[in-house]
Amino acid sequence: SILNPGRIVAGAGCIESIAELVADFGATQALIVSDEGVARAGLIDRPKALLEAAGVTVAVIDSTPPEPEVGQVEALLAIAQTQACDLVIGIGGGSAMDVAKIIAVLLTNKVSLRQLLNKAPIAQRGLPTLMIPTTAGTGSEATPNSILLVPEDELKVGIVSAKLMPDCVLLDPTMTIGLPPAITASTGMDALTHAIECYASKKGNPFSELYALKAITLISRSIRKAFTDGANLEARHDMLLGAMYGGMCIATSSTTAVHALAYPLGGKYRIAHGISNAILLPYVMRFNQVGNNRKFRDMAVAMGLDVATLKDEQAADKMIDALFVLNHDLEIPA
């Protein structure tokens, strides 16, 4: 089964088409959901100005916290309910996009956030959604998931529904130029983890395998460049595409033990999600390797490693060794 966003527009400068995309939905009142860091960086200014110049009224919520708690999202929803809007735009990293998706659904469905966390179904699609990622990591722009922190349980919990899949995505690498090296590393490793886990997963299938290998190729060849030279537009574009393909993997396959172990690290110790994943990734893959060395060879090739003369097990070993080296190069704590 394949489930993707309704429309994807990519390329440097494609943010300039936002008014046209919004017009396609017949929307005249947009709500932008973002966070303080993105707002301070001025990344909301251009899309907001373009929309207002086209006659669209724009309300902004720029207080999404990193890795938001349930109560914090309920407070943001209460603000959104005071705004007249017919389209929701998420601008930021995974937290902002996840909250934007949830708000769009809760504005049109008679169900509470707590009920959704307890697996209540979403009866109908929410308001149209447009996602503009400013990090290259979570792939939230291409998943039917929203991840929230439940502090009383010290856990992160995912709300998953096809009705959360965004209607439109804008992938503009110029929106990621100012991303600091540490965030480039942690979010980039999150994206790589999505691709690797989904490819190695028992739920892997022809759709997820296609996306995963492409994501691994794009991220492996560009993450160091994006880390050391944040203004490298080609590397930034690779990372955005790789992150989106990683999200598409999640939508068609699934993450596995790395994410299962990372969620309590985030929930209990508030370790950033990308860092948790990066630390765990090589160890979990070493444990999983025996299950399918051939798949690990495929991933080694996608990473650009020379494994032509190696047996499958040796190629798999080399791929996992390369993950340790990558973490070191990106200054990920061990």
**Message:** When the expected Rg is taken as 2.2 N^0.38 Å, what fraction or multiple of it is the alpha-carbon Rg of region 1-135?
**Reply:** 1.02
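Share of the chain's accessible area from carbon and sulfur, percent, 1.4 Å?
Numbers: 7530 of 13560 Å².
About 56 percent, which is the carbon plus sulfur part of the accessible surface.
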**Request:** For region 9-72, list log₁₀ I(q)/I(0) at each q in 0.29 Å⁻¹, using the Debye formula over Cα point scatterers of equal strength and ignoring solvent, two decimals each.
**Result:** -1.23
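What percent antiparallel are the DSSP beta bridges of the chain, to the nearest 5? Provide the component values of the computation, followed by the final result.
Details: 6 of 27 bridges.
Given both bridge residues lie in the chain, the antiparallel proportion sits at roughly 20 percent.
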**Prompt:** Taking the Cα atoms of region 107-192 alone, what are Rg (to one decimal) and Dmax (as a whole number) in Å?
**Reply:** 15.0, 42
**Asked** Under 20 Å Cα-Cα from residue 101, which lysines qualify once same-chain neighbours fewer than 8 residues away are excluded?
**Response** 48, 110, 119, 156, 163
**Asked** Per-residue HN-Hα couplings for region 170-179, Karplus 6.51 cos²θ - 1.76 cosθ + 1.60 at θ = phi - 60°, whole Hz, x for Gly and Pro?
**Response** 10, 10, 10, x, 5, 6, 10, 4, x, 5
**Accessible area per residue, Å², region 118-274 with all protein chains present, probe 1.4 Å** = 36
**Complete:** In units of 2.2 N^0.38 Å, the Cα radius of gyration of region 188-295 is 1.05
**Fill in**
Rounded to the nearest 10 degrees, the helix 257-269 long axis (Cα) sits at an angle to the longest Cα principal axis of the chain of 60
**Request:** Report, in degrees rounded to the nearest 10, the 0 to 90 angle that the Cα long axis of helix 70-80 makes with the longest principal axis of the chain.
**Result:** 40
**Message:** Report the Cα centroid-to-centroid distance between region 51-69 and region 178-224 in angstrom, as an integer.
**Reply:** 28
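How long are the semi-axes of the equivalent ellipsoid of the chain, defined as square roots of 5 times the Cα gyration tensor eigenvalues? Whole Å, largest first. Intermediate results must be reported in sequence, preceding the final value.
On the way: eigenvalues 214, 92, 62 Å².
Ellipsoid half-lengths, sorted descending, are 33, 21, 18 Å.
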**Prompt:** When the Kirkwood hydrodynamic radius is evaluated over all pairs of different C-alpha atoms of region 280-324, what value in angstrom, to one decimal, is obtained?
**Reply:** 10.0
**Prompt:** Given region 117-250 reduced to its alpha-carbon atoms as identical point scatterers, what log10 I(q)/I(0) does the Debye formula return at q = 0.12, 0.19, 0.20 Å⁻¹?
**Reply:** -0.49, -1.08, -1.15
**Prompt:** Across 10 Å bins from the origin, how do the percents of Cα pairs in region 83-151 run, short distances first?
**Reply:** 20, 52, 27, 1
**Distance between region 83-152 and region 281-311 - C-alpha centres, whole angstrom** = 35
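Expressed as a fraction of 2.2 N^0.38 Å, the rule-of-thumb size for a compact globular protein of N residues, what is the C-alpha radius of gyration of region 186-239?
On the way: Rg = 11.9 Å, N = 54, 2.2 N^0.38 = 10.0 Å.
The value comes to 1.19.
Rounded to the nearest 20 Debye, what is the dipole magnitude of region 238-317 about its Cα centre when Lys and Arg each give +1 and Asp and Glu each give -1 at the C-beta? Don't jump to the answer; show the numbers that get you there.
Details: 7 positive and 6 negative charges, 67 e Å.
The calculation lands at about 320 debye.
Please express the shape of region 66-110 as an equivalent ellipsoid: the semi-axes are the square roots of 5 times the eigenvalues of the C-alpha gyration tensor, given largest first in whole angstrom.
Values: eigenvalues 53, 32, 16 Å².
Output for region 66-110: semi-axes of 16, 13, 9 Å.
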**Complete:** Longest principal axis of the chain (C-alpha) makes with the long axis of helix 233-252 (C-alpha) an angle, in degrees to the nearest 10, of 90
**Set of lysines with alpha-carbon distance to residue 318 below 29 Å, sequence-local pairs under 8 removed** = 202, 203, 214, 225, 295
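The values are calculated or read from the model by the stated rules, or taken from the named source; none is laboratory data. All values reported here derive from a predicted model rather than from experimental measurement. Heads up, the Cβs are rebuilt from the backbone with ideal geometry, glycines too, and the neighbour counts pull from every protein chain shown. For accessibility, only protein heavy atoms count, side chains too; no ligands or nucleic acids. Shrake-Rupley method; radii C 1.70, N 1.55, O 1.52, S 1.80 Å.
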